[in-house]
Amino acid sequence: MIILGIESSCDETAAAVIEGQNNRVKLLSNIVASSAQIHAKYGGIIPEQAAREQLKAIIPVIGEALAQAHLTKDQIDTIALTVGPGLIGSLLVGVETAKVLAKVWGKPLIPVNHLIGHFYANWVETESRIKLNSNRLILNIPIFPFIGLLVSGGHTDLILMKDHGKYDYLGGTRDDAAGECFDKCARLLGLPYPGGPYLSKLAEKGNREKFPLTIPMLESGDFDFSFSGLKTAVLNLVQNHPEILLQEQLKADLAASVEWTIVQSLIKKIIPAANKFGVNQIVVSGGVAANNTLREELEKNCKLKIKNCQLYVPPLNLCTDNGAVIATCAYFNHHPQDPLAIQANPGLSL
Ligand code: KG4
Ligand code: ZN
(Lines give C-alpha, C1' and ligand atoms only; values in the text may rest on other atoms or scores of the structure.)
(Ligands and ions follow the chains in the order given, each with its own letter.)
Protein backbone atom coordinates (compact mmCIF):
# COMPACT_ATOMS: atom_id res chain seq x y z
CA MET A 1 0.00 0.00 0.00
CA ILE A 2 1.37 3.39 -1.03
CA ILE A 3 0.24 6.25 1.23
CA LEU A 4 0.71 9.99 0.78
CA GLY A 5 0.80 11.70 4.21
CA ILE A 6 0.01 15.42 4.55
CA GLU A 7 0.86 17.45 7.68
CA SER A 8 0.23 21.16 8.30
CA SER A 9 -0.78 21.53 11.95
CA CYS A 10 1.77 24.17 13.02
CA ASP A 11 4.37 26.07 10.98
CA GLU A 12 5.54 23.16 8.82
CA THR A 13 4.05 22.19 5.48
CA ALA A 14 4.94 18.56 4.97
CA ALA A 15 4.20 15.65 2.68
CA ALA A 16 5.70 12.19 2.51
CA VAL A 17 5.14 8.93 0.69
CA ILE A 18 5.49 5.55 2.42
CA GLU A 19 5.12 2.01 1.23
CA GLY A 20 3.52 -0.32 3.77
CA GLN A 21 3.66 -4.07 3.36
CA ASN A 22 3.34 -6.95 5.86
CA ASN A 23 3.46 -4.52 8.80
CA ARG A 24 6.66 -2.94 7.54
CA VAL A 25 6.99 0.67 6.43
CA LYS A 26 9.49 1.95 3.87
CA LEU A 27 9.96 5.70 3.53
CA LEU A 28 9.93 6.70 -0.15
CA SER A 29 10.09 10.48 0.32
CA ASN A 30 9.77 13.04 3.11
CA ILE A 31 9.49 16.76 2.29
CA VAL A 32 9.19 19.44 4.96
CA ALA A 33 8.94 23.19 4.29
CA SER A 34 9.07 25.37 7.40
CA SER A 35 8.23 29.02 7.88
CA ALA A 36 10.23 29.09 11.14
CA GLN A 37 12.71 31.61 9.69
CA ILE A 38 9.89 34.11 9.19
CA HIS A 39 8.60 33.56 12.75
CA ALA A 40 12.13 33.84 14.15
CA LYS A 41 11.95 37.62 13.57
CA TYR A 42 9.05 37.81 16.03
CA GLY A 43 10.22 35.16 18.54
CA GLY A 44 7.16 32.96 18.00
CA ILE A 45 4.61 31.79 15.46
CA ILE A 46 2.16 34.26 13.95
CA PRO A 47 -0.70 31.89 13.04
CA GLU A 48 -2.05 33.85 10.07
CA GLN A 49 1.41 34.23 8.60
CA ALA A 50 2.05 30.49 9.03
CA ALA A 51 -1.18 29.64 7.17
CA ARG A 52 -0.38 32.06 4.33
CA GLU A 53 3.04 30.44 3.86
CA GLN A 54 1.43 26.99 3.96
CA LEU A 55 -1.02 27.97 1.22
CA LYS A 56 1.95 28.82 -0.99
CA ALA A 57 3.91 25.69 -0.09
CA ILE A 58 1.37 22.87 0.05
CA ILE A 59 1.05 21.98 -3.65
CA PRO A 60 4.80 22.23 -4.44
CA VAL A 61 5.58 20.16 -1.31
CA ILE A 62 3.13 17.40 -2.33
CA GLY A 63 4.50 17.52 -5.90
CA GLU A 64 8.05 17.16 -4.59
CA ALA A 65 7.07 14.24 -2.32
CA LEU A 66 5.64 12.38 -5.34
CA ALA A 67 8.63 13.29 -7.52
CA GLN A 68 11.20 12.11 -4.95
CA ALA A 69 9.28 8.86 -4.49
CA HIS A 70 9.39 8.45 -8.32
CA LEU A 71 5.63 7.96 -8.33
CA THR A 72 2.66 9.57 -10.05
CA LYS A 73 -0.67 10.30 -8.41
CA ASP A 74 -2.11 7.16 -10.02
CA GLN A 75 0.24 4.98 -7.97
CA ILE A 76 -0.97 6.43 -4.64
CA ASP A 77 -3.46 4.11 -2.92
CA THR A 78 -4.53 6.32 -0.03
CA ILE A 79 -4.12 9.86 1.30
CA ALA A 80 -3.59 10.45 5.04
CA LEU A 81 -3.85 13.85 6.69
CA THR A 82 -3.51 15.54 10.06
CA VAL A 83 -6.94 16.77 11.19
CA GLY A 84 -5.83 18.17 14.57
CA PRO A 85 -4.82 19.39 17.04
CA GLY A 86 -3.07 22.53 15.84
CA LEU A 87 -3.60 26.03 14.53
CA ILE A 88 -6.94 26.28 12.73
CA GLY A 89 -5.65 28.26 9.72
CA SER A 90 -2.73 25.86 9.28
CA LEU A 91 -4.87 22.74 9.66
CA LEU A 92 -7.42 24.01 7.14
CA VAL A 93 -4.73 24.29 4.46
CA GLY A 94 -3.77 20.61 4.75
CA VAL A 95 -7.28 19.30 5.40
CA GLU A 96 -8.97 21.09 2.52
CA THR A 97 -6.11 20.28 0.11
CA ALA A 98 -6.28 16.58 1.05
CA LYS A 99 -10.07 16.53 0.67
CA VAL A 100 -9.90 18.07 -2.81
CA LEU A 101 -7.11 15.69 -3.90
CA ALA A 102 -9.01 12.66 -2.55
CA LYS A 103 -12.15 13.70 -4.44
CA VAL A 104 -10.43 14.62 -7.70
CA TRP A 105 -8.01 11.68 -7.71
CA GLY A 106 -10.63 9.26 -6.38
CA LYS A 107 -8.57 8.06 -3.39
CA PRO A 108 -9.61 6.98 0.12
CA LEU A 109 -8.85 9.55 2.82
CA ILE A 110 -7.68 8.69 6.36
CA PRO A 111 -7.84 11.36 9.09
CA VAL A 112 -5.01 11.20 11.66
CA ASN A 113 -4.68 12.65 15.16
CA HIS A 114 -1.33 14.47 15.02
CA LEU A 115 -0.48 13.43 18.60
CA ILE A 116 -0.84 9.72 17.87
CA GLY A 117 0.88 10.25 14.54
CA HIS A 118 4.09 11.36 16.28
CA PHE A 119 4.51 7.92 17.90
CA TYR A 120 4.61 6.26 14.48
CA ALA A 121 8.05 7.77 13.83
CA ASN A 122 9.16 4.62 15.65
CA TRP A 123 7.69 2.29 13.00
CA VAL A 124 9.33 3.87 9.97
CA GLU A 125 12.14 1.61 8.76
CA THR A 126 15.24 3.70 8.89
CA GLU A 127 18.75 2.23 8.85
CA SER A 128 19.08 2.49 12.62
CA ARG A 129 16.03 0.22 13.06
CA ILE A 130 17.31 -2.60 10.91
CA LYS A 131 19.87 -4.96 12.43
CA LEU A 132 21.33 -8.12 10.99
CA ASN A 133 22.00 -10.86 13.50
CA SER A 134 23.67 -13.96 11.98
CA ASN A 135 22.09 -13.01 8.66
CA ARG A 136 18.65 -12.76 10.29
CA LEU A 137 16.87 -9.44 9.91
CA ILE A 138 15.83 -7.91 13.23
CA LEU A 139 13.48 -4.99 12.98
CA ASN A 140 13.69 -2.73 15.99
CA ILE A 141 10.06 -1.54 16.24
CA PRO A 142 7.86 -1.21 19.35
CA ILE A 143 6.03 -4.20 20.79
CA PHE A 144 2.70 -3.66 22.58
CA PRO A 145 2.02 -2.78 25.33
CA PHE A 146 4.33 0.20 25.77
CA ILE A 147 4.54 3.42 27.74
CA GLY A 148 4.47 6.26 25.22
CA LEU A 149 5.81 9.72 25.95
CA LEU A 150 4.91 12.52 23.56
CA VAL A 151 7.06 15.60 24.06
CA SER A 152 6.47 18.35 21.53
CA GLY A 153 6.06 22.10 21.31
CA GLY A 154 2.38 21.92 22.18
CA HIS A 155 2.01 18.67 24.16
CA THR A 156 3.53 16.56 26.90
CA ASP A 157 1.55 13.36 27.38
CA LEU A 158 2.09 9.91 28.81
CA ILE A 159 0.01 7.00 27.53
CA LEU A 160 -0.18 3.25 27.94
CA MET A 161 -0.56 1.96 24.39
CA LYS A 162 -2.02 -1.54 24.19
CA ASP A 163 -2.42 -1.88 20.44
CA HIS A 164 -2.82 0.25 17.34
CA GLY A 165 -5.67 2.65 18.17
CA LYS A 166 -6.05 1.36 21.76
CA TYR A 167 -4.49 3.34 24.56
CA ASP A 168 -5.10 4.64 28.09
CA TYR A 169 -4.21 8.22 28.91
CA LEU A 170 -1.99 8.29 32.01
CA GLY A 171 -1.21 11.97 32.41
CA GLY A 172 0.01 15.13 30.77
CA THR A 173 1.08 18.66 31.37
CA ARG A 174 -1.21 20.86 33.42
CA ASP A 175 0.11 24.01 31.74
CA ASP A 176 3.02 24.48 29.31
CA ALA A 177 4.42 21.68 27.19
CA ALA A 178 8.07 20.61 27.55
CA GLY A 179 8.94 22.08 24.13
CA GLU A 180 7.18 25.32 25.01
CA CYS A 181 9.27 25.51 28.21
CA PHE A 182 12.45 24.95 26.18
CA ASP A 183 11.40 27.67 23.72
CA LYS A 184 10.32 30.23 26.34
CA CYS A 185 13.41 29.74 28.51
CA ALA A 186 15.54 30.02 25.35
CA ARG A 187 13.82 33.31 24.59
CA LEU A 188 14.58 34.57 28.12
CA LEU A 189 18.23 33.76 27.39
CA GLY A 190 18.07 35.79 24.16
CA LEU A 191 18.30 32.74 21.86
CA PRO A 192 16.60 32.54 18.43
CA TYR A 193 13.25 30.84 17.77
CA PRO A 194 12.52 27.91 17.97
CA GLY A 195 14.75 27.88 21.01
CA GLY A 196 14.85 24.19 22.03
CA PRO A 197 17.77 23.14 19.83
CA TYR A 198 19.68 26.42 20.53
CA LEU A 199 19.25 26.06 24.28
CA SER A 200 20.41 22.47 24.06
CA LYS A 201 23.53 23.44 22.07
CA LEU A 202 24.38 26.17 24.59
CA ALA A 203 23.80 23.77 27.49
CA GLU A 204 26.65 21.54 26.25
CA LYS A 205 29.16 24.12 27.59
CA GLY A 206 27.29 24.72 30.85
CA ASN A 207 27.54 23.55 34.44
CA ARG A 208 24.05 22.56 35.53
CA GLU A 209 24.95 22.84 39.20
CA LYS A 210 25.57 26.59 39.06
CA PHE A 211 21.84 27.45 39.03
CA PRO A 212 19.99 24.47 40.51
CA LEU A 213 16.27 24.47 39.66
CA THR A 214 13.51 22.46 41.33
CA ILE A 215 12.27 19.46 39.35
CA PRO A 216 8.51 20.09 39.05
CA MET A 217 5.76 17.63 40.13
CA LEU A 218 8.14 15.10 41.70
CA GLU A 219 5.79 14.41 44.60
CA SER A 220 2.46 14.79 42.77
CA GLY A 221 1.75 11.05 42.95
CA ASP A 222 0.32 10.98 39.42
CA PHE A 223 1.64 11.02 35.87
CA ASP A 224 1.12 14.74 35.28
CA PHE A 225 3.73 17.36 34.42
CA SER A 226 3.95 21.12 34.89
CA PHE A 227 6.47 23.47 33.31
CA SER A 228 5.13 26.98 33.79
CA GLY A 229 6.68 27.31 37.28
CA LEU A 230 10.07 26.39 35.86
CA LYS A 231 9.71 29.11 33.23
CA THR A 232 8.84 31.64 35.97
CA ALA A 233 11.86 30.53 38.04
CA VAL A 234 14.10 31.19 35.02
CA LEU A 235 12.45 34.58 34.46
CA ASN A 236 13.11 35.52 38.10
CA LEU A 237 16.73 34.37 37.86
CA VAL A 238 17.51 36.47 34.78
CA GLN A 239 15.71 39.49 36.26
CA ASN A 240 17.48 39.23 39.63
CA HIS A 241 20.88 38.42 38.10
CA PRO A 242 21.26 40.60 34.99
CA GLU A 243 24.90 39.48 34.74
CA ILE A 244 23.65 36.09 33.44
CA LEU A 245 22.63 37.59 30.11
CA LEU A 246 25.95 39.41 29.81
CA GLN A 247 28.22 36.40 30.27
CA GLU A 248 28.14 33.51 27.79
CA GLN A 249 29.33 31.01 30.43
CA LEU A 250 26.55 31.94 32.88
CA LYS A 251 23.98 31.69 30.09
CA ALA A 252 25.30 28.23 29.27
CA ASP A 253 25.16 27.24 32.95
CA LEU A 254 21.51 28.29 33.20
CA ALA A 255 20.69 26.57 29.90
CA ALA A 256 22.25 23.35 31.20
CA SER A 257 20.17 23.56 34.36
CA VAL A 258 16.91 24.20 32.45
CA GLU A 259 17.57 21.27 30.12
CA TRP A 260 18.50 18.94 32.97
CA THR A 261 15.42 19.89 34.99
CA ILE A 262 13.00 19.36 32.08
CA VAL A 263 14.62 16.02 31.22
CA GLN A 264 14.57 14.78 34.82
CA SER A 265 10.93 15.78 35.21
CA LEU A 266 10.06 13.58 32.20
CA ILE A 267 12.16 10.62 33.30
CA LYS A 268 10.85 10.72 36.85
CA LYS A 269 7.33 9.94 35.51
CA ILE A 270 8.21 7.42 32.80
CA ILE A 271 9.99 4.99 35.13
CA PRO A 272 7.16 4.68 37.72
CA ALA A 273 4.60 4.42 34.89
CA ALA A 274 6.50 1.51 33.33
CA ASN A 275 6.93 -0.21 36.67
CA LYS A 276 3.30 0.35 37.75
CA PHE A 277 1.90 -1.23 34.58
CA GLY A 278 4.61 -3.89 34.32
CA VAL A 279 5.67 -2.67 30.89
CA ASN A 280 9.27 -2.78 29.65
CA GLN A 281 8.81 -1.05 26.28
CA ILE A 282 9.26 2.74 26.23
CA VAL A 283 8.43 4.74 23.11
CA VAL A 284 9.31 8.44 22.86
CA SER A 285 8.11 10.88 20.20
CA GLY A 286 7.72 14.57 19.31
CA GLY A 287 10.13 17.40 18.63
CA VAL A 288 11.77 17.32 22.08
CA ALA A 289 12.68 13.65 21.49
CA ALA A 290 15.48 15.13 19.34
CA ASN A 291 17.10 16.44 22.53
CA ASN A 292 20.44 14.71 23.15
CA THR A 293 20.38 14.91 26.93
CA LEU A 294 16.87 13.41 26.99
CA ARG A 295 18.00 10.56 24.72
CA GLU A 296 21.12 9.87 26.81
CA GLU A 297 19.32 10.07 30.15
CA LEU A 298 16.50 7.83 28.92
CA GLU A 299 19.01 5.28 27.67
CA LYS A 300 20.81 5.30 31.03
CA ASN A 301 17.83 5.41 33.40
CA CYS A 302 15.40 3.13 31.58
CA LYS A 303 17.99 0.38 31.18
CA LEU A 304 18.92 0.72 34.86
CA LYS A 305 15.48 1.01 36.45
CA ILE A 306 13.13 -0.98 34.18
CA LYS A 307 13.75 -4.72 33.89
CA ASN A 308 14.64 -5.82 30.32
CA CYS A 309 13.81 -2.36 29.04
CA GLN A 310 13.57 -1.67 25.32
CA LEU A 311 13.73 2.02 24.45
CA TYR A 312 12.58 3.43 21.10
CA VAL A 313 13.41 6.97 20.00
CA PRO A 314 12.76 8.29 16.49
CA PRO A 315 15.57 9.22 14.11
CA LEU A 316 16.23 12.96 14.38
CA ASN A 317 14.49 13.90 11.10
CA LEU A 318 11.27 12.19 12.21
CA CYS A 319 11.06 13.79 15.69
CA THR A 320 9.65 17.12 14.52
CA ASP A 321 6.53 17.49 12.38
CA ASN A 322 6.48 15.56 9.09
CA GLY A 323 4.13 13.70 6.76
CA ALA A 324 5.87 10.31 7.12
CA VAL A 325 4.53 9.71 10.63
CA ILE A 326 1.02 10.67 9.50
CA ALA A 327 1.14 8.22 6.58
CA THR A 328 2.60 5.47 8.80
CA CYS A 329 -0.10 6.00 11.44
CA ALA A 330 -2.74 5.67 8.69
CA TYR A 331 -1.14 2.42 7.45
CA PHE A 332 -1.53 0.79 10.88
CA ASN A 333 -4.92 2.41 11.59
CA HIS A 334 -6.61 2.02 8.25
CA HIS A 335 -10.01 3.67 8.71
CA PRO A 336 -10.90 5.76 5.63
CA GLN A 337 -13.70 8.30 5.96
CA ASP A 338 -15.90 10.20 3.56
CA PRO A 339 -13.84 13.28 2.56
CA LEU A 340 -16.85 15.55 2.94
CA ALA A 341 -17.30 14.42 6.57
CA ILE A 342 -13.70 15.23 7.55
CA GLN A 343 -13.17 18.53 9.38
CA ALA A 344 -10.13 20.26 10.84
CA ASN A 345 -10.28 20.00 14.64
CA PRO A 346 -7.82 22.36 16.37
CA GLY A 347 -8.79 21.12 19.86
CA LEU A 348 -8.47 17.39 19.16
CA SER A 349 -6.91 15.57 22.14
CA LEU A 350 -5.70 12.08 22.95
O1 KG4 B 1 6.74 18.01 17.46
P2 KG4 B 1 7.12 19.38 17.05
O3 KG4 B 1 7.87 19.55 15.76
O4 KG4 B 1 5.88 20.32 16.95
C5 KG4 B 1 4.72 20.18 17.70
O6 KG4 B 1 3.91 19.31 17.33
O7 KG4 B 1 4.64 20.93 18.68
O8 KG4 B 1 7.98 19.98 18.26
C9 KG4 B 1 8.59 21.23 18.22
C10 KG4 B 1 9.27 21.47 19.55
C11 KG4 B 1 9.77 22.90 19.72
O12 KG4 B 1 9.36 23.36 20.98
C13 KG4 B 1 11.29 22.76 19.64
O14 KG4 B 1 12.01 23.73 20.35
C15 KG4 B 1 11.47 21.39 20.26
O16 KG4 B 1 10.42 20.62 19.71
N17 KG4 B 1 12.79 20.81 19.94
C18 KG4 B 1 13.75 20.61 20.84
C19 KG4 B 1 14.86 20.08 20.14
N20 KG4 B 1 14.51 19.97 18.83
C21 KG4 B 1 13.23 20.42 18.72
N22 KG4 B 1 13.79 20.84 22.17
C23 KG4 B 1 14.92 20.54 22.82
N24 KG4 B 1 16.02 20.03 22.23
C25 KG4 B 1 16.04 19.79 20.90
N26 KG4 B 1 17.13 19.28 20.33
ZN1 ZN C 1 3.98 17.82 16.30
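Taking 7 Å steps out from each Cα toward its Cβ at Asp163 and Leu340 produces label points 3.3 nm apart.
Take every Cα pair under 8 Å whose residues are at least 6 apart in sequence, average their separation, divide by the length of the stretch 93-145, and the relative contact order is 20 percent. Of Leu202, Ile159, Gly171, which is farthest on the positive side of the dipole of the stretch 150-205, counting Cα position, with +1 on Lys and Arg Cβ, -1 on Asp and Glu Cβ, and the Cα centre as origin? Going by the charge dipole, the pick is Leu202. With every protein chain left in place, what is the accessible area of Asp168 in Å² (1.4 Å probe, nearest 10)? Its accessible surface works out to 60 Å², give or take rounding. Where in the stretch 189-219 does the amide nitrogen come within less than 12 Å of the point 7 Å from the Cα of Leu245, taken along Cα to Cβ? Residues passing the 12 Å test: 189-191. Of the accessible area of the chain, computed with a 1.4 Å probe over protein heavy atoms only, carbon and sulfur atoms account for 52 percent.
Over 18 Å between C-alpha atoms is what I'm after, so list which of Lys41/Lys205; Lys166/Lys268; Lys201/Lys303; Lys231/Lys251; Lys73/Lys103 land there. The answer is Lys41/Lys205; Lys166/Lys268; Lys201/Lys303.
Residue by residue, the stretch 277-290 carries 3J(HN,Hα) couplings of 9, x, 10, 10, 9, 10, 10, 10, 8, x, x, 5, 5, 6 Hz when phi is fed to the Karplus relation 6.51 cos²θ - 1.76 cosθ + 1.60 (θ = phi - 60°); x denotes Gly or Pro. Quick one: Debye curve from the C-alpha atoms of the stretch 263-334, no solvent, what's log10 I(q)/I(0) at q = 0.11, 0.16 Å⁻¹? For the stretch 263-334 at q = 0.11, 0.16 Å⁻¹, log10 I(q)/I(0) is -0.31, -0.62. When the surface is traced with a 1.4 Å probe over the full set of protein chains, Met1 keeps roughly 80 Å² accessible.
Dividing the convex hull volume of the alpha-carbon atoms in the stretch 69-185 by its residue count gives 170 Å³ per residue. Normalising the Debye intensity of the stretch 1-70 to I(0), with uniform scatterers on Cα atoms only, and taking log10 at q = 0.14, 0.16, 0.28 Å⁻¹ returns -0.47, -0.57, -1.13. So, with +1 on the Cβ of K and R and -1 on the Cβ of D and E, and no other charges, what is the size of the charge dipole of the chain about its Cα centre, to the nearest 20 debye? That gives the chain a dipole magnitude of about 660 debye.
If you look at the Cα atoms of the stretch 228-350, you get an Rg and a Dmax of 19.3, 59 Å.
In plain terms, the bigger the Kirkwood radius, the slower the diffusion; for the stretch 1-124, with that radius from Cα pairs, at 37 °C and 0.692 mPa s, Stokes-Einstein puts D at 225 µm²/s. Between Glu204 and Lys131, the contour length at 0.36 nm per residue exceeds the alpha carbon distance by 23.2 nm. Heavy atoms of the protein chains alone define the surface here; on that basis the chain has 44 Å² accessible area per residue at 1.4 Å probe size. Each peptide in 66-78, 86-98, 139-151 gets a packing score, the mean of other Cβ atoms within 10 Å over its residues, and the list from highest to lowest is 86-98, 139-151, 66-78. Histogrammed with a bin width of 20 Å, the alpha carbon distances of the chain distribute as 31, 56, 13, 0 percent, first bin at zero. With respect to the chain, whose longest principal axis is taken over its alpha-carbon atoms, helix 248-276 is tilted by about 60°. What Kirkwood hydrodynamic radius, in Å, does the stretch 149-264 give when the mean of 1/r is taken over all pairs of distinct Cα atoms and then inverted? Value: 14.7 Å, from the Cα pair sum. Shown here are the Rg and Dmax of the Cα trace of the stretch 296-344, at 16.9, 50 Å. Rounded to the nearest 0.05, what FRET efficiency do Asn23 and His70 have when you use their Cβ-Cβ distance and R0 = 25 Å? Result of the calculation: an efficiency of 0.60.
The values are calculated or read from the model by the stated rules, or taken from the named source; none is laboratory data. Since the model is a prediction, treat every value here as computed from it, not as a measurement. A quick note on method: Cβ atoms are made from the backbone with ideal geometry, for glycine too, and the neighbour counts reach across all protein chains shown. Protein only, heavy atoms only, side chains kept; ligands, DNA and RNA dropped before computing areas. Shrake-Rupley method; radii C 1.70, N 1.55, O 1.52, S 1.80 Å.
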